[in-house]
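Notes follow once the structure below has been shown.
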Amino acid sequence: MKIIKFATIFALTFLVTTTLVAQQAEKTLVKAFNLQGHDLIQIELDGPVEVRTWKQNILRVQMVIKLENGSENLLKSLVQIGRYNLKSGIGEQGFHIFAPNMKREVKIGGKVINESLTYVIYAPEGVQVKLPNTASTQVVEVDSSL
């Protein structure tokens, strides 16, 4: 009887511990940009970028952040201090969007926090979006439901 009770408690403890360790923190952030009449957008963001067109006159960037070895509280703190803030500017290549605070790595207790970021960009129809390391502009699909 004691062995069964011990085995049950051990199995439950193991499952809970494994589940807690395997979890990753995830958050979606959205930012909109007024393009001020520009029809060429240069994107400088690290990570996979999907570009869609839509019928709105603003550019919207949806960013999904995942911390593989961090908690929800850590991710919330990083968002609050502005790590994932996107900036814009106007340059020779048109309207420019970038993430200046992503150039630094984050360490907690000497360990680098593993982040993965993915982006979906909703661009107005007729606007060209240039991604890093591409010679031409990317246009994917019209999403008329937005």
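The values are calculated or read from the model by the stated rules, or taken from the named source; none is laboratory data. The structure displayed is predicted, hence computed values, not measured ones. These area figures cover heavy atoms from the full protein model, side chains too; ligands, DNA and RNA do not enter into them. Shrake-Rupley method; radii C 1.70, N 1.55, O 1.52, S 1.80 Å.
Of note:
- On the principal axes of its alpha carbon atoms, the range 19-129 extends 46, 26, 21 Å, with the longest extent given first.
- Taking all protein chains together, Glu68, Glu92 sort by accessible area into Glu92, Glu68, largest first [probe 1.4 Å].
- Surface composition of the range 20-77: carbon plus sulfur atoms contribute 44% of the solvent-accessible area (1.4 Å probe, protein chains only, all chains present).
- Near Asn69, the amide H atoms lying under 5 Å from its own belong to Asn114; only residues 5 or more places off or on other chains count, and H is placed 1.01 Å from N.
- Over the range 22-136, accessible surface divided per residue gives 58 Å², non-protein components excluded, 1.4 Å probe.
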